[in-house]
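Before any comments, here is the structure.
The values are calculated or read from the model by the stated rules, or taken from the named source; none is laboratory data. Everything numeric here is computed off the predicted structure, so don't read it as measured data. Please note: Cβ atoms are built from the backbone with ideal geometry, for glycine as well, and neighbour counts cover all protein chains shown.
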Amino acid sequence: MKLTFAILSLAAAAGCASYGGGSLQPGRSTAAEVESVMGPAADKRVTPNGETVLWYPRMPYGDGSYAARIGADGRLVAIEQRITEENIAKIERGKTTATEVRDIVGPPYRIDQFPRMDREIWTYKMQVFPFPKALFVQFSPDAVVREVYYMDDPEVPRLGGRRASFGR
């Protein structure tokens with residue numbers, strides 16, 4: 001039984017390695033190789049310094065959102081996990097724009113409109129031990145960040161939680 005569990009664990013880890021582009025080598029791998037290993041990018045963005053960023057979100061409950069940075073020469077510069085506390089801290093209320101948020105943490109898992117609030121909310125989700133996390137970024141109509149929340153995912157029930165008993 002323990003051997004079976006160990007084999008399944010190793011297989012799962014090996015399968016996840018391609019999500020992070022484990023076999024790719026910065027400075028050597030090409031953009032085409034990145035896409036052959038990681039699949040088609042969910043989004044492509046060009047930075048002011050001439051790099052192309054290929055986005056690979058692994059949401060809702062993967063391990064984040066990967067940015068494969070491709071240099072002007074067409075070779076891989078780096079693969080980075082972008083939904084981090086350090087990057088979330090770069091998102092400033094009243095200052096950061098929707099374009100900048102997409103450049104910092106990538107495309108959202110979900111976009112919801114809240115007309116009564118006059119807000120658009122982008123949702124990012126990821127698996128973080130011990131509980132899945134959610135990042136909510138609220139924008140006003142001028143596409144400027146108004147609120148940022150990074151918390152345990154409220155859509156995931158907690159073990160040991162009790163159900164509400166109405167009328168009992």
Going by what's in this entry, would Pro130 be described as in a loop (DSSP other than H, G, I, E, B) and touching a Phe, Trp or Tyr at 6+ places or on another chain (Cβ under 6 Å)? no
From Arg82, Arg102, Arg58, residue being modelled with pLDDT of 95 or more, charged (D, E, K, R), within 13 Å of Tyr124 (Cα to Cα) and under 13 Å from the mean Cα position of the chain (by Cα): Arg102
Considering only segment 90-106, state which residues are surrounded by 13 or more Cβ atoms within 10 Å (Cβ to Cβ) and either among the acidic types (Asp, Glu) or in contact with a Pro (Cβ under 6 Å, 6 or more places away or on another chain) (or both). Glu100, Asp103, Gly106
Going through segment 133-167 in order, the residues found to be of a type in the set (S, T, N, Q), outside any strand (DSSP E or B) and either modelled with pLDDT of 85 or more or under 21 Å from Asp63 (Cβ atoms) (or both) are Ser140
Residues satisfying the stated conditions in segment 39-64, i.e. surrounded by 15 or more Cβ atoms within 10 Å (Cβ to Cβ) and either among the acidic types (Asp, Glu) or not in a loop (DSSP other than H, G, I, E, B) (or both): Arg45, Glu51, Thr52, Val53, Leu54, Trp55, Tyr56, Pro57, Asp63
Restricting the first residue to segment 31-44 and requiring it to be over 10 Å from Ala67 (Cα atoms), which pairs with a second residue that is surrounded by fewer than 16 Cβ atoms within 10 Å (Cβ to Cβ) meet a Cβ separation below 7 Å and a spacing of at least six or different chains? Ala31/Gly74; Val37/Ser18; Val37/Ser23; Met38/Ser18
